[in-house]
1. Would you mind getting me the FRET efficiency between N306 and N7? Use the beta-carbon distance for r and R0 = 41 Å, nearest 0.05.
2. Of K47/K389; K35/K381; K164/K245; K99/K245; K61/K381, which sit over 32 Å apart, Cα to Cα?
3. Could you estimate the translational diffusion coefficient of segment 1-88 from the Stokes-Einstein equation, with Rh from the Kirkwood formula over C-alpha pairs, at 10 °C and 1.306 mPa s, in whole µm²/s?
4. Please compute the modelled spin-label separation between Y396 and K45, points set 7 Å along Cα→Cβ, answer in nm with one decimal.
5. So what's the gap between the Cα centers of segment 50-111 and segment 113-174, to the nearest angstrom?
6. Rounded to the nearest 10 degrees, what's the angle between the helix 159-175 long axis and the longest principal axis of the chain, both from Cα atoms, 0 to 90?
7. I'd like the FRET efficiency for R313 and E415, computed as 1/(1 + (r/R0)^6) with the beta carbon distance as r and R0 of 35 Å, rounded to 0.05.
8. At 7 Å along Cα-to-Cβ for each site, give me the label-to-label distance between Q136 and D200 in nm.
Amino acid sequence: MQTLIKNIKELVQVETGRQKLRTQGQEMAQMETIKDAYLLVEDGKIKAFGQMCEWNEKSEKWKVEKEVDATGRLVFPTFCDSHTHLVYANSREHEFVDKIRGLSYEEIAKRGGGILNSAKATAAASEEELYDMAWQRLEGVMRLGTGAIEIKSGYGLSTESELKLLRVIRRLKENSPLTIKSNFLGAHGIPMEYRGHQEDYVDLVINEMIPRVADEGLADFIDVFCDQGFFTVDDTARILEAGIKHGMRPKIHANEMAISGGVQVGVKYNAISVDHLEQMGDAEIECLKGTDTMPTILPGCAFFLNLPLSPARGMIEAGLPVAMASDYNPGTSPSGNMQLVLSMACIRYRLTPEEALNATTLNTAYAMGVSGELGTIAVGKRANFYITKPIPSYEYMPYAYGENNVDRIFLNGVEI
Ligand code: NIG
Ligand code: FE
């Protein structure tokens, strides 16, 4: 089955030469586009693309069954959102108000709110209820242009509840047209009953949870919230080692509250990404150089919690790659809108539109292990793309913050 998208005003983020798995440093500012373009899809994959005039010469060769006229519109690869906590039971707007009144995120967590508040509601919810809520959220982000997403557990904090969350993610994987990766985050918070002896909770994660998760094949990645007031570098190292033994690649939370040693421990265990990075020093930037670990910034979390901004420009100038994801979760970023992440990348972190697009597509695809098949418009990659509303240019996407400019979405070549 062949589908042709024709008369595209501009086809954005194409790769005509060698396909890259990620982009870093000065390269992040490079992005190829083709004006007045066509895009041909066959059996869910990108078969060909180029200028309309070339298409007109070739058209006899192809057997197109469906044509879409994109006059006045641009086509982009869908966003990859490499960091979310999308399966949760309750919103937390009362804590949002507490924060406005002056409490910090850490203070709320200390008194049993925050992640523990979500864990209580998760324990009370059935798998079916969690699935239905997560499905709605997934539909919502898909309509905003997301085509691939990583989802973490972490609101369970008991073996049964963590397994329940991961089974929900498995069902989402089976039923959704989005590409989904799952991440086991049993070490997200320390349950009240383990306060003062958190090493016993770490033991539970290592000795009971990880083997059960692995037995059921429920997780692609292993995560730890390595930060001040949460899990230590030693806890993190032990958990990552256990996860690796059970076939899960590390992908961790680091340096949200403080320079915690999280970046270093992530790099040591070859994490596919280290995420948050609101607190970064020169040593952290140095430590990431020449590694396979993708530094990932979460603009929605820094915005929502009023945290300092990660030094994205400094990281790029140091030659590093940078990815930006939504962190969709009820406590620190109750939005999975990647169009907004794109805007924040430019407005708050001073990335150029080209850098911001690379940070939210190819580099996030890398951070979830799918950049060989997603993240750009390239021959042989999966046909995941969106057609915009009529807009003047690709720069308009980050510029027009708060507007939804995604009109039609195609995943695996099929319009959804
Ligand atoms: O990525 N920082 C740790 N975990 C989440 C927040 C979890 C919550 O507050 O519910 C995050 O920001
Ligand atoms: Fe997170």
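1. 0.35
2. K99/K245
3. Here the translational diffusion coefficient equals 108 µm²/s.
4. Reported label-point gap for K45 and Y396 is 3.4 nm.
5. 18 Å
6. The angle comes out at about 10 degrees.
7. The value I calculate is 0.40.
8. Result: 3.8 nm between the two label points.
Each value in this text was obtained by applying a stated rule to the coordinates, not by laboratory testing. What you see is a predicted model, and the numbers here were worked out from it, not measured in a lab. Glycine gets a Cβ as well: all are built from the backbone with ideal geometry, and neighbour counts include every protein chain shown.
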